[in-house]
Amino acid sequence: MEKKEETLKAEVFIDPANRAIRSSVYNMLFKGLRKEGGQWIEDGTLIRWGAKPEDDPPFCPFGPEIADIEVSAGKCSGVGVGGCSYCYKSNSPDKLAQNMSLATYKNVLDKLAKSPALGQVALGLTGVKDNPDLINIMRYTRDKGIFPNFTLTGADLDLEMAQDMGDLCGALAVSCSPTNPNLCFDTVELFTSLGVQQTNIHVVVSEETMEFVNFVLESQKRDPRLKRMNAVVCLMVKPKGRAKGRFHPPTEESYQKMIHKCLTEGLRIGFDSCSANRFARAVNTGEFSEKRKERLIQDSDPCESLCFSIYVNVKGRVFPCSFGEPCEGWGEGLDLLAADDFIKDIWYHPLAHEWRVKLLELGRDCPLFPEIR
Ligand code: SF4
């Protein structure tokens with residue numbers, strides 16, 4: 001892979017809802033969400049292609065399409081005593097709160113927005129009230145023509161905040177914990193009643209939680225609170241934080257069984273990029289038409305860290321992804337706040353380049369946790 005940032009030229013088209021890039025090696029169209037007469041129009045779809053429509057570009061030479069920015073960490077008020085048993089950040093209610101201030105967030109986003117491809121930000125949160133600037137952070141993001149997405153539990157949510165979030169976010173996800181699925185389902189019902197079409201459920205997939213995952217997947221058929229929900233997004237557990245040693249990636253057999261069931265029964269399902277290669281294997285072993293298999297695999301996107309996405313922690317430090325902190329050889333991470341030129345200093349930093357080469361050599365399978373591949 002060569003560094004082409006000095007020579008590549010891109011044509012960029014942006015309107016309040018859409019974003020498109022045309023160049024000789026990388027092309028994309030992001031159809032954002034907009035509200036018309038109280039209705040959400042479009043669906044947040046992102047399509048990318050290379051020199052030819054059938055080409056898959058290895059990375060975006062102009063910067064990330066999506067940024068994962070951690071705006072609160074440590075203390076988490078969005079859960080019960082002790083916190084979620086599989087929290088990979090080991091956040092909990094009794095820890096010290098660390099928040100990214102609005103001023104720091106503006107600085108971070110202004111730098112990241114040098115990427116013309118950046119259409120979405122995934123805000124990394126603890127409880128929704130832990131960072132008092134959260135709503136203003138979302139507002140600033142929208143004002144820059146970028147859609148803020150986030151995940152919450154619903155535990156510390158109130159109606160006023162939900163309305164503000166519903167007006168500002170692109171998509172949101174509600175974490176579903178085995179200790180309180182009703183909190184999740186009630187929160188999903190609240191956001192869908194507010195018109196947030198892209199309301200998803202996040203559920204952590206591990207061998208130990210498989211029964212619960214199946215319960216959540218099944219619930220979309222019978223629980224009226226989920227009738228307008230978008231999808232249940234299955235997140236692969238990582239051996240990190242509180243999950244380490246307690247929760248393990250599902251066996252190939254149980255994962256494939258789950259995917260086959262969803263696809264056969266028409267359950268609305270999504271998954272993180274960390275599971276995309278496993279999903280592709282499950283699709284290929286299923287009894288589906290070749291055309292359907294091709295379409296399903298084309299719609300899935302394997303690990304995109306530092307190829308199409310970037311992670312910035314609460315201190316403004318860059319790592320390949322939120323699970324990759326710390327990351328071997330990365331020390332305290334790349335200092336985004338000190339960077340003069342985001343594209344040159346961060347996106348094309350030698351560490352980012354090295355990571356990208358490694359990830360692409362692995363076929364975009366996880367370089368961090370071989371056990372989840
Ligand atoms: S590096 Fe691994 S954990 Fe991080 S996003 Fe990629 S697949 Fe997931």
### Message
I'm told GLY78 meets every condition in (1) outside any helix (DSSP H, G or I); (2) touching a helix residue (DSSP H, G or I) at 6+ places or on another chain (Cβ under 8 Å); (3) not basic (Lys, Arg) except one. Can you identify the failing condition by its number?
### Response
(2)
### Message
For the condition of a type in the set (Phe, Trp, Tyr), away from the ligand (no atom under 16 Å from the Cβ) and out of contact with any strand residue (DSSP E or B) (no Cβ under 9 Å at 6 or more places or on another chain), what is the one hit in PHE212, PHE288?
### Response
PHE288
#### Entry: Output for the stretch 308-338, where each listed residue is within 16 Å of the ligand (Cβ to nearest atom), crowded, with 18+ Cβ neighbours inside 10 Å and on the phi > 0 side of the Ramachandran plot
GLY333
### Task
Give me a count of the residues in the stretch 343-370 that are assigned to a helix (DSSP H, G or I), surrounded by fewer than 19 Cβ atoms within 10 Å (Cβ to Cβ) and within 11 Å of the ligand (Cβ to nearest atom).
2
## Note on the structure
Reported set for the stretch 207-225 where residues are more than 22 Å from LEU125 (Cβ to Cβ) and within 21 Å of the chain's Cα centre (by Cα) is VAL213, LEU217
## Note on the structure
LEU296 meets each of (1) within 27 Å of LEU125 (Cβ to Cβ); (2) touching a helix residue (DSSP H, G or I) at 6+ places or on another chain (Cβ under 6 Å); (3) of a type in the set (A, V, I, L, M, F, W, C); (4) more than 11 Å from the ligand (Cβ to nearest atom) with one exception, condition (1)
### Task
Would you point out the residue of the stretch 11-42, among those that are small (Gly, Ala, Ser) and within 24 Å of PRO148 (Cβ to Cβ), that is modelled with the lowest pLDDT?
GLY38
### Summary
For the stretch 215-234 the number of residues that are within 16 Å of the ligand (Cβ to nearest atom) and out of contact with any His (no Cβ under 6 Å at 6 or more places or on another chain) is 1
### Query
Within the stretch 262-273, is even one residue in contact with a Gly (Cβ under 7 Å, 6 or more places away or on another chain) and buried (at least 18 other Cβ atoms within 10 Å of the Cβ)?
yes
### Query
Inside the stretch 283-307, can you point out the residues that are among the hydrophobic types (A, V, I, L, M, F, W, C) and surrounded by fewer than 21 Cβ atoms within 10 Å (Cβ to Cβ)?
VAL283, PHE288, LEU296, ILE297
### Query
Within the stretch 261-280, how many residues turn out to be out of contact with any helix residue (DSSP H, G or I) (no Cβ under 7 Å at 6 or more places or on another chain) and of a type outside the set (Asp, Glu)?
9
#### Entry: Members of the stretch 253-269 that are small (Gly, Ala, Ser) and within 14 Å of ARG292 (Cβ to Cβ)
GLY266
### Message
If VAL283 satisfies all but one of (1) away from the ligand (no atom under 16 Å from the Cβ); (2) closer than 29 Å to LYS106 by Cβ, what's the number of the condition it fails?
### Response
(2)
### Query
Which residues, taken from the stretch 217-238, are among the hydrophobic types (A, V, I, L, M, F, W, C) and either touching a Gly at 6+ places or on another chain (Cβ under 9 Å) or more than 24 Å from PRO302 (Cβ to Cβ) (or both)?
LEU226, MET229, ALA231, VAL232, VAL233, CYS234
### Query
Regarding PRO249, is this residue more than 21 Å from THR209 (Cβ to Cβ) and either in contact with a Cys (Cβ under 7 Å, 6 or more places away or on another chain) or within 12 Å of the ligand (Cβ to nearest atom) (or both)?
no
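The values are calculated or read from the model by the stated rules, or taken from the named source; none is laboratory data. Keep in mind it's a predicted model, so treat the numbers as computed, not measured. With ideal geometry, Cβ positions are generated from the backbone for all residues, glycine too; neighbour counts draw on all protein chains shown.
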